[in-house]
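Structure, as C-alpha cells:
The values are calculated or read from the model by the stated rules, or taken from the named source; none is laboratory data. The shown structure was predicted, so the numbers you read here are calculated from the model rather than taken from an experiment. In this analysis, Cβ positions are derived from the backbone assuming ideal geometry, glycine residues included, and neighbour counts consider all displayed protein chains. Side chains are part of the model used for accessible areas, which takes the heavy atoms of the whole protein and leaves out ligands, DNA and RNA. Shrake-Rupley method; radii C 1.70, N 1.55, O 1.52, S 1.80 Å.
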Amino acid sequence: MWSNSLVLPFYAACASAIILLLRFICLSYPGQLLRRSLSRLVSRAKQNSPTVAEESPELNYDRGPLIAQLGGPVIYGFKLARFLGCLVFLGLALATPLEANNEAARQQGYLPMLVHTEWPQLASIATAAYASLLGLVSVTTSFSNSRLASQHLAAVLLVLFSAFACRDLYPLLTFNEKPEDLLEGRLLWAKVVILTIISVALPLVVPSQYIPVDPANRSEFPHPEQTASWLSSCLYLWLDPIVFMAQRMDHLSHDKLPPLADYDYSRNLKKRSFPHLDSFSNRKRRHLFFSLMRVFRTEYTILTLLVVLRVITTLAAPIGVNYLLQYLENGGEGAVIRPWVWIAWIFIGQFMGSILYQWYIFFSTGTVVRTEGIITQLIFEHALRIRMKAELPDNDKGSGSAASTPDSASIAESSTVVEGSRESSVDDVQSSSASTTASSTAKGKQKAKDKTDGADAQAKKPQSSADNLIGKINNLVTTDLNTITDGRDFLMVFPYVPLQIGLCIWFLYNILGWSAFVALAVMVACFPLPGLVSKRIQSVQKTKMEKTDARVQMVTETMNVLRMIKLFGWEKKMEARMSEKREVELQWIWKFKLLELVINNINNVIPLLTMMACYSTYTLIMGKELTASRVFSSMTVFDIMRDQLQMVFWILPSLISAKVSLGRVNDFLNDTELLDEFATQEDKPRLFVQDQSGEESDLIGFREAAFTWSNDSSRGGAPKRRFKLRIDDELFFKSGCINLIVGPTGAGKTSMLMALLGEMHFLPSGPTSWFHLPRKGGVAYAAQESWVQNETIKDNILFGAPYDEERYKKVLHQCALERDLELFEAGDRTEVGEKGLTLSGGQKARVTLARAVYSSANILLLDDVLAALDVHTAKWIINKCFAGDLIKNRTVILVTHNVAMASSVAQYIVALNSNGHIVSQGSISEVIAKDDRLAAEIAKEQVVLEKEEQTIDNSVPTSEANGKSNAKTDGKLVMSEEILVGRVSWPAFKLFLTSMGGSHAMLFWFGYWFFMAANEIAIIGQTWFLGYWSSQYESHPASEVDVRHYLKLYALILLIPCIMYSPGYMIYFHGALRASRMLHKRLMDAVLGTTLRWLDTTPTSRVITRCTQDIRAIDGIFPQGITWVLELSLVVLSRLLAVVILTPTFIIPGILVGVIGGWFGRIYLKAQLSIKREMSNAKAPVLGHFGAAIAGLTSIRAYGAQKAFQEESLDRIDRYTKSARMFYNVNRWVCIRVDLVGSVFTTALAAYLVYGRTRDASNVGFSLNMAVGFSSMILYLVRIMNNVEVNANSIERINSYLNIEQEPKSTEGGQPPAYWPASGEVVVENLSARYSSDGPKVLQDLSFKIKSGERVGIVGRTGSGKSSLTLSLLRCIPTEGTVYFDGIPTSGMNLEALRSNVTIIPQIPELLSGTLRQNLDPFDQCDDATLNNALRSAGLFSVQEDTDDGRLTLDSPIASGGGNLSVGQRQILALARAMIRGSKLLILDEATSAIDYKTDTAIQSSLRNEMQDVTQLIIAHRLQTIMDADKIMVLDAGEIVEFGTPLELLQNENGKLKALVDESGDKDILYAMAAGEKVESAESN
C-alpha cells in the first residue's frame, strides 16, 4: 500500500502543508521576535552584505485591487482556470471509487463506501482536495500569499502528473505492459487530460508577473522578457514582434527596441555589484574574478545546471539510433519499447538539447553584457580617483621638466575605440599584455651606425597604446574588457568536457565492451600532441600580436598627427613605413594560420585513431561482429568526443587571455596610484594642520611643502630625477582678488595649480607642513590646453550649471565671444567637434575661460588662458572680464607670461625659477622691489604692449571660420556616423572575394573547390564504408568477413580527408592574406590622401577604428567566416544528396527544410543587421565619453563634476546594453527555430525509414547519420552566414572609406626639376580660396610677390584669413588663381613635392611618443650635431641650464602627444624640427604663442640671423615680432589691405600700420625698427 505510486503525490502534499505551516509560524508575532533576536547576532555580516531591493517588492504588491495585485486580468484568468481545473480533477477523483464500487455505493451510500475504499485512492482524493485549496488561496488572497500558494500548487500538481504518467502513460510506450488504472475507463483518460492541462499546459503558457527590481523605479512598459511565459521563453516567442517589425522597416532604429529589463539597468547593476567590486564600497580585498563570481553566483549556478543537462541530452540521438537499428536488425524480436518512441526520443533529445543550449547562451550573453557595463563603470569611477601623469616609453614617468596640464593628454582620446568591437578575438589580450611589457626605448644612435641598427631602434620604440596612462585605461575598457567577456565559457571546459567524455565512454562500453577503454587510452596518449602544438601557437600568437601592436601603434599615432603629416608631405614615407610593419604582421599571421591547420588536422586525426583502435580491438581481439547499430551509434559518439577536443583547444586560449586581462584590470583597481585624498592610510601623507585650523580654513596656499607628480616611495629601485615643486616657507594667495603666478617656460607654474587641486603628491617637510584649497564655495579651472566636450558651445560654457540668460550674455560679452558667435550660423548652438576642431585655439581658450567665469565657484584657477589670444583680445579679457563685475570679489589665481598686461588687475604675484622654487611673492610693487630680473622683464613687456595694444582693424571681419564651419542651422559640423540600412551590399563582398584571387581568380577558386569537394566526399565515404562493412555480417557468416582487409581500406579512407583538406586550406588563406594586404594598402592610401576638410568633419576615432578594428576583422574573423560558410554549404549539400540517393522521396522535404531555414535566416538577418549597427553606434559614445572624461579629468575634478559624468556614463551604458542584449537574443530566436526544423526533418526521415518501407539496418543508419548531420549543419550554416554578413560591416565600412574625397594624386608631369627650389621666391596672382567646394570664399583675389630670403609678417584680426593663406599656399584647401614658388606654378605640381619643400609650424604642435631624436628626425636623415644645433637655434638651451639634471636631451623620452612637456617646450621642439628640414619657405603660424618673452626673443633672433636665405612668413599677434620684417602684409576679410616694407607702410598717411605706430607711446623705436636700425630695447625684447 505504502509503495503504491498514487501515494507519492500525497506525501508531496503533506510536505507542502508542513512548509506552509512553518512559514506561518515564522510570520507570527513570536516568530518575529525570534527573528529579531537572531538578526542582532548576524548584524555585522548584514552590514558587509550588499543591500539590493529584492525582498521589498512583495510588500509593495500587497496593496491595491486584488486582480491588479495578482498580475492583471490575463494572469488572474490563468490562475482561475487552474483553480477550476483542480476542482474538476477533485470531482473526477471522488467519482473514481463510485465507478469502481457502484454496487456498494448504491447499498451503503457514498461516504460509508469511501471509508472502505483502498488507501491509494483516498490519498489521491486528499491530494486533489489540497490542490484545490491551494488554487482557491491563489485567486483570493494578496500577492505574497497567492504567489506562495501558486508555487506549492505547481509542485504538487507536477508530482501528481508524474505519478499518473508512470502508472498509465508509460505502459502505452511498450509492447507488453498495460496502464495500471485501465479499469477506470473513461474517467482515467479524463483525469489525465485535465491533469496535463493544469500541471503542464497552463504553467507553460501563463505569462510571468512583472516584479520590478527597484519598486521605486517601476517600469511603465516592462521588457517582454520579464513577462514572458515558460513556453515563450523556451521558443523566444516574445521576440516575434521585434523580428517581424524589422521586416516591415528599412531600419529598426534604437527607439523601436523594447525598454531595458529592470535587472539590466546600469544603476541597478551598480547597486548590486559595487559592494563586491569597488574597493571604496567597503568590499573585502579579493581578486576581481572571485568578486564577479560573487555578483553573478545565481547566473553561474543556473549555467552549471544547464551544462549538466545539456551533456545528458547529447546522448539522446546515439541511444535512439542504437535501439532503432537493433529493432531493424532483429526484426523486432525481443523489443520492449515501441520504435516510434525511439523516433520521438531522437526528436525530443535534439530539441530539448537545443533549448538547454540556447538557454545557456541566453544566460551567459546576458551576463556578458552586464559585466561589460559593470566593469566599464567600475574602471570609469576608479579612473576619477587616480593621479594623472604622463607615462614614458622607458618608464621614466617624470623625467624632464614640469609636466603640462594633465588635460593636455587629450591626444590619446581617439584611441578609445581602437579595439572596441564585439568581434574581438582571443588574440586581443596578447596585444595588450605583450605591448604593456614592451617598454624598451630606442636609444639614440649616431649616423655612423648602419640602417639596420636604426630599424632595430625603431622596432624597440614602444608600440603600445598604453604608453601613457590614458592609453592604458582605454585599453582596459576596450581590448581587455572584450577579452574578459570572451573567456566567459569556462564552464564548457569544466564540468562540461569531463562529464561529456565520461558519459561517452560509458555509452561505448555498453555497446562495444572494454574496447571503449582502449579508445580512451589512445585518446589520452595522443592528448599531449595538440598541447605541444598549442604551446607553439601561443608563442607565434604572442609574436604576431606584438607585430600587430607595432602596426596599430604606428597607425594610431599617424592618424592622430595626420594633419601634420599632410602639411609636411610625409604621406608616402609614412605609408611605406606602415606597409613594412604590415608585411611583417602578415608573415606572422601566415605562420599562425599554418599552425592552426596543423592543430585542426591533429584534432581530426585523434578521434579517427581512437575509432580505429576501438573497432580493431572489438573485431580482431574481442572477435565480435561490428553491426550497424553499434557502428552508427558509436560513430555519433566519436563525433561528439571530437567536438569536445576541438572545443577545449578553442576555448583554452580564450580563458588564458581572459585571466591575463582580469589580472590587468585587477591591478589597475588595486595598484594604480590614487590622489592623496583616496590613498590608503599607509600611502597617504600626514597632513599637519595647526591648531588655528578654523581660522585657516578659508586660506589658499602652502607652508613648507613639496610636490611631485607621483608617489615613488612604494616603488623599488633608485628613483630617477623627477620634477619637484618646492615651497620652502609660506605662500598664501590673497582671497577676493586676482593673483598671478609667473616664471619661465617649464618652471612649474601649472604644477602649482595642480598642487592646489590635489593632483600632485604632497611631500610634507616638517610638522608645520600644510596646503589648502577651500572647496565649500566651489572651484573652477581653465586648463592651458583648453578642454572642451564634443557638445555645443553653450553646453560647454554651462557645463551642467542652470541657465541664467543675463549672466550667460554677460559672460559672452566679457570673454569676447559675441563676435565669434556671429560668425557661426548656429551661434552658440554650434557643435565644437572632437577636441574642439571647429574652434581656433583662441576661441577654445575663451570658451574654457567662459565656463569658469559662468560657474558659481568662488575660486578660479586659470592656466595661461591669455597665451592663445592676440593682444587686443587679451586686453579685452583683462579690462572687461578680469576687471568686470563677474570676477569681482572672487579669488582668481592666474598663470601667465603676460605679466605687464595682467599686472593692472592683479593684487598679488608669485614668481618661480626654472627649478620650481619660489623666487619672490607679494604685491606687484613688493615683488618688483625684490626681483630685479622680473622688474626688468615687466618693464620691457610694458614697452612691447604699448606697441601692440592697438587694434589692427576695428571693422567686423568675415571670418575664415565662415568657410571652415559653414555651419548648418542646427550647429552640427561633425556628422553622426552613417548607419547603413538593409543588407550588406554585394560590392563590399565582391571587393574582398575578387581581391583573394588576385590576377588568377579562376585558378584560385577552382583549386579551392576541388580540394574541399574531394575532402567532403572522402568524409562521407568513411561513414558509408563502415555501413558497408557492417552489412557484410548480415549476408555472410562472421568467419567469412575479412576484418583486416576492411580495416586497411578504412585506414586508407581516413587519410584522404587530411591529404585533401590541407592544400585547400592553404590556398584559401593565402588568398585571404593577399586581400588583407591589398585592402590595408588602399585604405591607408585613401586616408593619407584625403583632404583637410574631410578630416575636419570626421572624428579621428572613426578613422582609427577603420584602420585597426576593421582591418583586424578582415585579417581574422571575416575570412574565417567565409570559409566556414563555403565548407558548411558543401557539407549540407553533400549530406542532403546522400540522403536523397538512398531515399529519393526525401528530396522535397530536404529542399523544404533548406528553404524554411533560409527563410528564417533572411527574417532574422534583417533584424540582426539593424540591431548590430545600432549596437556598434551605441558602443562608440560609451567609449567616447570615457575618453573625453579621462582627457579632461583634472577639469572635471576641479569643478567637482564627477557625479554628473558618472550619471552620463550610466545612461550611455544603458543605451548600449539595450541593443547588445537584443543583438544576442535575436540569435537565440533563429537558432531555436532552425534547430526545430532540422529535428523535424531527422524525425520524419527516421519514421519513414522504419515504417515506410523495408530496408537493411546499415543503409538506415547511414541515412540517419547523414540526416542528423544535415539538420544540425543547417543551423550552423544559417548562423554563420548571418554572422558573416554582420561582420561584413567591417568590409562595408572600409569600402566606404576607399571612396572618400581625395587630393590630386602624384603624376610624372607634376614632378618639379631636380634643382627646384633653388630660391624661396613666392609670387601669387589672383589667389582665392574656400574651405569646401561649395563654401564661401575666405580669400579674395590676393596678388603679391615675396623675394627669396625675405621675412614677411602677416597681421590681421581673428578671421581675417591669415591661416587660410598659409593653407592655400600648400594647396590644403580648394584654390583659384596661381601661386609661383621659385618660378614654377604650384597648381600643377605634385603635392608631396610642394609640401616637402615648404615647412609650416602650427600653433598647436604635434609630437609622437619615442625619444626627442625620433621626433626631430623621424626618418633618420640627420646626425646628432645637426639636431643639437637646431635645438640651440630654437631656444631650448636658453630655457634650461646645463646643470639641470632634468634637462631635455636627444635621448629624453617624449610621451604620446608630448604629454610630459609644457606647451612652450613642445613649440620649441616643433620649431627645431622645422629648422632641420632646411626648406626654402618657412611659415610660422603663431608658433611662439605659449613661450615666454625671453625665449621668444632668442627664437626671433635665431630666425633673423641663422635663416637669412629662407623666405619666412610669420603670423604673429606681437607687432614687435614682425616690425623689423622685410615686408608686412595686413589682411582683412580675406583681402590684402596693405602690403609692403614697414618703412613704405609707415609713409602711407592713411595706412593702418602708420595709424597704429603714430598712436603708440614708442613711436620713435618702431620707426627705427622699420628703418632697419638696431634698437637695443627692441632686440632685447
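Table for the structure above
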read-out	value
Selection from the range 166-201 of residues that are part of a loop (DSSP other than H, G, I, E, B) and either open to solvent by less than 50 Å² (accessible area, probe 1.4 Å) or on the phi > 0 side of the Ramachandran plot (or both)	Pro179, Asp181, Gly185
Flag for Gln1311 being farther than 19 Å from Gln1512 by Cβ, over 32 Å from the mean Cα position of the chain (by Cα) and surrounded by fewer than 16 Cβ atoms within 10 Å (Cβ to Cβ)	yes
Subset tally (residues that are within 13 Å of Ile1059 (Cα to Cα) and either open to solvent by less than 60 Å² (accessible area, probe 1.4 Å) or among the polar types (S, T, N, Q) (or both)) for the range 995-1018	7
Members of the range 1395-1444 that are open to solvent by 30 Å² or more (accessible area, probe 1.4 Å), charged (D, E, K, R) and under 22 Å from Ile1514 (Cβ atoms)	Glu1406, Arg1432
Complete set of residues in the range 1249-1282 that are over 17 Å from Asp1235 (Cβ atoms), touching a residue at least 40 places away in the same chain (Cβ under 8 Å) and among the polar types (S, T, N, Q)	Ser1258, Asn1259, Ser1263, Asn1265
All positions within the range 1019-1054 that are under 18 Å from Leu1264 (Cα atoms), among the small types (Gly, Ala, Ser) and out of contact with any Ser or Thr (no Cβ under 9 Å at 6 or more places or on another chain)	Gly1021
Matching residues in the range 645-682 - criterion: being in a helix (DSSP H, G or I), among the acidic types (Asp, Glu) and open to solvent by 30 Å² or more (accessible area, probe 1.4 Å)	Asp667, Asp671, Glu677
The lone exception for Gly1458 - which of (1) out of contact with any strand residue (DSSP E or B) (no Cβ under 8 Å at 6 or more places or on another chain); (2) open to solvent by less than 40 Å² (accessible area, probe 1.4 Å); (3) at negative phi it fails	(3)
Checking Glu1303 against (1) more than 24 Å from Phe1160 (Cβ to Cβ); (2) crowded, with 21+ Cβ neighbours inside 10 Å, the condition it does not meet	(2)
Ser37 vs. criteria at pLDDT below 75, within 30 Å of Ile197 (Cα to Cα) and of a type in the set (S, T, N, Q)	no
Unmet criterion (only one of (1) touching a Phe, Trp or Tyr at 6+ places or on another chain (Cβ under 8 Å); (2) farther than 25 Å from Arg1504 by Cα) for Gln1311	(1)
Members of the range 1213-1238 that are small (Gly, Ala, Ser) and surrounded by fewer than 24 Cβ atoms within 10 Å (Cβ to Cβ)	Ser1219
Elements of type helices (runs of 4 or more DSSP H) contained in the range 241-340, each with 1 or more residues being farther than 30 Å from Ala1257 by Cβ	266-277, 288-295, 297-314
Those residues of the range 1358-1371 which are under 40 Å from the mean Cα position of the chain (by Cα) and either open to solvent by less than 10 Å² (accessible area, probe 1.4 Å) or of a type in the set (Gly, Ala, Ser) (or both), in sequence order	Gly1359, Ser1363, Ser1364, Thr1366, Ser1368, Leu1370
Residue list for the range 1523-1556, restricted to those being in contact with a Pro (Cβ under 9 Å, 6 or more places away or on another chain), modelled with pLDDT under 80 and either within 19 Å of His872 (Cβ to Cβ) or open to solvent by less than 30 Å² (accessible area, probe 1.4 Å) (or both)	Met1523, Leu1553
When residues of the range 1085-1107 are limited to those that are more than 23 Å from the chain's Cα centre (by Cα) and assigned to a helix (DSSP H, G or I), the one modelled with the lowest pLDDT	Asp1096
Enumerated helices (runs of 4 or more DSSP H) restricted to the range 789-855, each holding at least 3 residues that are touching a residue at least 12 places away in the same chain (Cβ under 8 Å) and in contact with a helix residue (DSSP H, G or I) (Cβ under 8 Å, 6 or more places away or on another chain)	793-798, 805-814, 841-854
Any pair with Cβ under 6 angstrom, 6 or more apart, that starts in the range 1217-1246 at a residue that is in contact (Cβ under 8 Å) with a residue 24 or more places away in the chain and more than 20 Å from Gly353 (Cα to Cα) and ends at one that is open to solvent by 20 Å² or more (accessible area, probe 1.4 Å) and assigned to a helix (DSSP H, G or I)	none
Yes/no for Asp1423 being modelled with pLDDT of 85 or more, farther than 28 Å from Lys1345 by Cβ, among the acidic types (Asp, Glu) and more than 40 Å from the chain's Cα centre (by Cα)	yes
So Val637, is it open to solvent by less than 40 Å² (accessible area, probe 1.4 Å), under 30 Å from Leu503 (Cβ atoms) and either under 27 Å from the mean Cα position of the chain (by Cα) or modelled with pLDDT of 90 or more (or both)	yes
Hey, Leu773 touching a helix residue (DSSP H, G or I) at 6+ places or on another chain (Cβ under 9 Å), open to solvent by less than 20 Å² (accessible area, probe 1.4 Å) and touching a residue at least 24 places away in the same chain (Cβ under 8 Å) or not	yes
Whichever residue in the range 612-644 is assigned to a helix (DSSP H, G or I) and among the basic types (Lys, Arg) and, among such residues, is nearest to Ser1263 (Cα to Cα)	Arg630
Checklist (1) under 30 Å from Ser1176 (Cα atoms); (2) at pLDDT 90 or above; (3) of a type in the set (Phe, Trp, Tyr) applied to Phe221, failing item	(2)
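Yes/no per residue for (1) under 27 Å from Asn915 (Cα atoms); (2) buried (at least 24 other Cβ atoms within 10 Å of the Cβ); (3) modelled with pLDDT of 55 or more:
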site	(1), (2), (3)
Gly366	no, no, yes
Gly373	no, yes, yes
His382	no, no, yes
Ile386	yes, no, yes
Glu391	yes, yes, no
Asp396	yes, no, no
Ser399	yes, no, no
Pro406	yes, yes, no
Ser410	yes, yes, no
